[in-house]
Amino acid sequence: MLANATLRQAPLLAPLSDEEIGRLRARAQIRRLKAGQWLFAQDDPAEHFFFVHSGQIRLFRLSAEGEEKIIELIGPGQTFAEALMFMGTGRYPVCAAALSSSELLAIDATDFAAMLRDSPDTCFALLGGLSQRLHALIAEIDNLALHSASVRFARWLLAELPADADELTLAWPKATLASRLTIKPETWSRITRRLSDQGVMTVSGQQIRVHDRCALRRLGELDDL
């Protein structure tokens, strides 16, 4: 079973006492997924939320035509599906599948909610973390709705690029990142090719090197922010 310090990497679990972590671990289950394997489908009964120990998980919804829209990408040290504790529907609102071989901890949502009722301090700390996540998602929705594909790409790249470095290694497949930004893969390719031709950046496999942050900021309409 995972160590307490490992579980506390997740903001949701960081406020828990050793006793609460022990209770969580006693009722949790390890789940291992192969790349491409589904964890759950939209509207499946929701009995657990999950902590990612290793691997990569994508959360997505399917349109009536079967097209996939990625909602969120989850990596090691993060939790997901925890909002179901407060939704009251008893169903997962999205699908979840592994992008790579993954190991997860499935946490009993009903027992976790009962534990929160016993500890108001832990409950408020958790709600604070969920509120921050909600604000981030609302800002992302605004960005997707109000800006062009090029602006969205530039803003994403600037946000992901380390402050003290000009090179970024993509942790996710390019097609997955394109879907996350609501950009078609061919549009992603056109944007990166144009920026490369303009000398703003170069792309080599999963590596992106930025040569002109100022040009990226202008493209992302961030100069006056």
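Out of the residues in the range 63-73 meeting the condition of being charged (D, E, K, R) and open to solvent by less than 70 Å² (accessible area, probe 1.4 Å), tell me which one is nearest to the chain's Cα centre (by Cα). Spell out the reasoning first.
Step one: filter the range 63-73 for residues charged (D, E, K, R), giving 65, 67-69, 72.
This time we only want the ones that are open to solvent by less than 70 Å² (accessible area, probe 1.4 Å), so: 69, 72.
Details: K69: 13, E72: 4 Å.
Ranking the qualifying residues of the range 63-73, first place goes to E72.
For the structure I just gave you, tell me whether M87 is open to solvent by less than 70 Å² (accessible area, probe 1.4 Å) and either farther than 30 Å from L219 by Cβ or at pLDDT 75 or above (or both).
Numbers: open to solvent by less than 70 Å² (accessible area, probe 1.4 Å): no; either farther than 30 Å from L219 by Cβ or at pLDDT 75 or above (or both): yes.
So M87 does not fit the description; no.
Answer yes or no as to whether P76 is surrounded by fewer than 12 Cβ atoms within 10 Å (Cβ to Cβ), in contact with a strand residue (DSSP E or B) (Cβ under 7 Å, 6 or more places away or on another chain), within 21 Å of A96 (Cα to Cα) and at pLDDT 90 or above. Steps first, answer last, please.
On the way: surrounded by fewer than 12 Cβ atoms within 10 Å (Cβ to Cβ): no; in contact with a strand residue (DSSP E or B) (Cβ under 7 Å, 6 or more places away or on another chain): yes; within 21 Å of A96 (Cα to Cα): yes; at pLDDT 90 or above: yes.
When the stated conditions are applied, P76 does not pass them.
Filter the range 91-114 down to the residues that are aliphatic (A, V, I, L, M) and open to solvent by less than 10 Å² (accessible area, probe 1.4 Å), then identify the one that is nearest to D44 (Cα to Cα).
Filtering the range 91-114 for residues aliphatic (A, V, I, L, M) gives 94, 96-99, 104-107, 109, 113-114.
If we keep only those that are open to solvent by less than 10 Å² (accessible area, probe 1.4 Å) as well, we get 96-98, 104-107, 109.
On the way: A96: 11, A97: 13, A98: 17, L104: 18, L105: 18, A106: 15, I107: 16, A109: 14 Å.
Looking at the filtered set, the residue picked out is A96.
Using beta carbons and a limit of 8 Å, which pairs, at least six apart or on different chains, have the first residue in the range 204-222 and over 17 Å from A165 (Cβ atoms) and the second one open to solvent by less than 70 Å² (accessible area, probe 1.4 Å) and not in a helix (DSSP H, G or I)?
Matching pairs, first to second residue: A215/V200; L219/V200; E221/H147.
Might you let me know whether the range 39-62 holds any residue that is in contact with a Leu (Cβ under 8 Å, 6 or more places away or on another chain), open to solvent by 80 Å² or more (accessible area, probe 1.4 Å) and not hydroxyl-bearing (S, T, Y)? I'd like the intermediate steps shown before the answer.
Filtering the range 39-62 down to residues in contact with a Leu (Cβ under 8 Å, 6 or more places away or on another chain) leaves 39, 42, 46, 49-53, 55-59.
Imposing the further condition that a residue be open to solvent by 80 Å² or more (accessible area, probe 1.4 Å) reduces the set to none.
No, the conditions are met nowhere in the range 39-62.
Which ones in the range 76-87 are among the small types (G, A, S) and in contact with a Ser or Thr (Cβ under 9 Å, 6 or more places away or on another chain)? Walk me through how you get there before you give the answer.
Here is the first cut: in the range 76-87, the ones among the small types (G, A, S) are 77, 81, 83.
Listed by number, the list holds a single entry, G77.
Inspect the range 187-199 for any residue being at pLDDT below 85 and either of a type in the set (D, E, K, R) or touching a helix residue (DSSP H, G or I) at 6+ places or on another chain (Cβ under 6 Å) (or both) and give the result as yes or no.
Taking the range 187-199 as the starting set, the residues that turn out to be at pLDDT below 85 are none.
Scanning the range 187-199, I find no residue that is at pLDDT below 85 and either of a type in the set (D, E, K, R) or touching a helix residue (DSSP H, G or I) at 6+ places or on another chain (Cβ under 6 Å) (or both), so the answer is no.
Out of the residues in the range 1-38 that are of a type in the set (K, R) and out of contact with any helix residue (DSSP H, G or I) (no Cβ under 8 Å at 6 or more places or on another chain), state the one that is surrounded by the most Cβ atoms within 10 Å (Cβ to Cβ).
So the first thing to find is which residues in the range 1-38 are of a type in the set (K, R), and the list is 8, 23, 25, 27, 31-32, 34.
If we keep only those that are out of contact with any helix residue (DSSP H, G or I) (no Cβ under 8 Å at 6 or more places or on another chain) too, we end up with 31-32, 34.
Working: R31: 16, R32: 13, K34: 10.
Checked the range 1-38; the qualifying residue surrounded by the most Cβ atoms within 10 Å (Cβ to Cβ) is R31.
The values are calculated or read from the model by the stated rules, or taken from the named source; none is laboratory data. Computed from a prediction, not measured in an experiment: that's the story for all the values here. Every residue, glycine among them, receives a Cβ derived from its backbone with ideal geometry; neighbour counts consider all protein chains shown. Only protein heavy atoms, including side chains, enter the accessible area calculation; ligands, DNA and RNA are left aside. Shrake-Rupley method; radii C 1.70, N 1.55, O 1.52, S 1.80 Å.
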